[in-house]
Amino acid sequence: MKIIDIQEKIVPISSEIKNAYISFAKMDCSVVAIKTDVKIDGENVIGYGFHSNGRYAVSELLTKRFIPRLKAAKEKELLNNEGNNFSPEKIWKILMQNEKPGGHGERSTAVGTIDMAVWDVVSKIERLPLYEYLAKKYGDGNFTNKIFVYAAGGYYYPGKDIEMLQDEMRSYLDLGYSTVKMKIGGASLKDDLNRIESVLKIVGDGKNLCVDANGRFDLKTAIEYGKAIEGYNLKWYEEAGDPLDYELNSKLSETYKNGIATGENLFSMQDSRNLIRYGGMRKDIDWLQFDCSLSYGLVEYLRTLKMMKENNWSSTRVIPHGGHQISCNIAAGLNLGGNEIYPSLFQPFGGFPDDSLVENSYVTFPEFIGMGYENKVKLKDLFKKLFK
């Protein structure tokens, strides 16, 4: 049992959309394919990995550092103790050889991209959906094929007026979502309040709407926005300030009574632990959004979930950023609170298998093995085109 090839390609996911901080006009992402000598129905098992939007392709790190380490490893160093499958934990250690602690920047994205492909391989060899494999090996044995999802969008876009914003949100409701998210902080407070109120007319209850400032605000502005939106009783107010400004987040939580969400730009268990220690996050109403593909992958994510449990946080308070199938599988297999989805953006990477059913912001998955990529036709076709 061995890896016979590893390839990396760059795919554009560009769009003219903007949030309060960045434009996506030149956004791209790295995609990795790991081909093994294991065969199912006469075909070599191939695992695929990629990373979330908001970070650029990490080709140099992958091709000059991490992929060569994996290719240089001996066959037995990659396998589990039984020798009947690959070991994500052992592979992760190989990838992180000679890496100093800290520095959780772009390398965490590179490792997370490879790690995703490894878990795809492992669960395919087991002939199980990843969520079932995770539940049985790392969880309490319980899993589900139905999880909460919300539709993320509401970006700033040239010429996008209130009517267009409302039409976008109606389209998500038509797809089966009842909970949506929109951007704030890229316009004046007055204009953003107008945008929020226009969306509330579409989704009804404030608990059906999340707002995301993408780290734009200083403390004064974060609190000002919090006071202005508190009466809407929104599901959450996301990433008001810089992701590493734990003091800002803590002081905001003292003044804002409703739910706060953050964590998508923390890329290690240690940074996530600091948020819990020092960020003023409240276990009963706030939400954690750690993104597996950006934070060294699922091996590290399991450590983060363990840390949360040690700090008496429920895994149900985690709703990951990213909108892709590894997070869907983690949510279904390890009892997370759900997953973010981008119904109209960053395709074909986002979402879930084509035959999935979304009703009232819950998605039910069809049968699949691995991540379920082969059940998403446009993504499957892209992989075939990229890796011939």
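The values are calculated or read from the model by the stated rules, or taken from the named source; none is laboratory data. Source: prediction; values computed, not measured. Every residue, glycine as well, gets a Cβ built from its backbone with ideal geometry; the counts of neighbours run over all protein chains shown. Just so you know, the surface numbers come from the protein's heavy atoms only, side chains and all, with ligands and any DNA or RNA stripped out. Shrake-Rupley method; radii C 1.70, N 1.55, O 1.52, S 1.80 Å.
Somewhere in the stretch 40-59, is a residue part of a helix (DSSP H, G or I), farther than 17 Å from Cys292 by Cα and at pLDDT 95 or above? The answer is yes, given that some residue of the stretch 40-59 is part of a helix (DSSP H, G or I), farther than 17 Å from Cys292 by Cα and at pLDDT 95 or above.
Scanning the stretch 25-53 for residues that are free of Cβ contacts under 8 Å to residues at least 40 places away in the same chain and either farther than 25 Å from Gly372 by Cβ or small (Gly, Ala, Ser) (or both) yields Ala25, Lys26, Gly42.
The sole residue among Tyr256, Tyr342, Tyr246 that is in contact with a Leu (Cβ under 8 Å, 6 or more places away or on another chain) and aromatic (Phe, Trp, Tyr) is Tyr246. Listed by first and then second residue, the pairs linking a residue in the stretch 1-20 that is under 13 Å from Ile34 (Cβ atoms) to a residue that is part of a loop (DSSP other than H, G, I, E, B), with Cβ atoms under 6 Å apart and 6 or more places separating them unless they lie on different chains, are Gln7/Phe387.
In this structure, Asn274 qualifies as part of a helix (DSSP H, G or I) and modelled with pLDDT of 95 or more. Selection within the stretch 54-82: residues that are in contact with a helix residue (DSSP H, G or I) (Cβ under 7 Å, 6 or more places away or on another chain) and free of Cβ contacts under 8 Å to residues at least 60 places away in the same chain. The member of this set that is nearest to Gly323 (Cα to Cα) is Val58. When Leu382, Leu302, Leu345, Leu336 are screened for being out of contact with any Gly (no Cβ under 8 Å at 6 or more places or on another chain) and either assigned to a loop (DSSP other than H, G, I, E, B) or of a type in the set (Asp, Glu) (or both), only Leu336 passes.
Restricting attention to the stretch 235-246 and to residues that are more than 16 Å from Arg282 (Cα to Cα) and open to solvent by less than 50 Å² (accessible area, probe 1.4 Å), the residue that is farthest from the chain's Cα centre (by Cα) turns out to be Gly241. The condition of being among the polar types (S, T, N, Q), over 28 Å from Lys90 (Cα atoms) and crowded, with 23+ Cβ neighbours inside 10 Å holds for Asn249. Scanning the stretch 60-104 for residues that are part of a loop (DSSP other than H, G, I, E, B) and surrounded by 12 or more Cβ atoms within 10 Å (Cβ to Cβ) yields Ala73, Asn80, Asn85, Ser87, Met96, Glu99, His104. Among the residues of the stretch 131-149, just one is within 19 Å of Gly323 (Cβ to Cβ) and either in contact with an Asp or Glu (Cβ under 6 Å, 6 or more places away or on another chain) or of a type in the set (D, E, K, R) (or both), namely Lys146. Would you mind stating whether Glu60 is acidic (Asp, Glu) and within 24 Å of Lys388 (Cα to Cα)? Yes.
Restricting attention to the stretch 336-377 and to residues that are within 19 Å of Leu128 (Cα to Cα) and aromatic (Phe, Trp, Tyr), the residue that is surrounded by the fewest Cβ atoms within 10 Å (Cβ to Cβ) turns out to be Phe365. Being open to solvent by less than 20 Å² (accessible area, probe 1.4 Å) and either touching a Ser or Thr at 6+ places or on another chain (Cβ under 8 Å) or over 18 Å from Gly297 (Cα atoms) (or both) is a description that applies to Val32.
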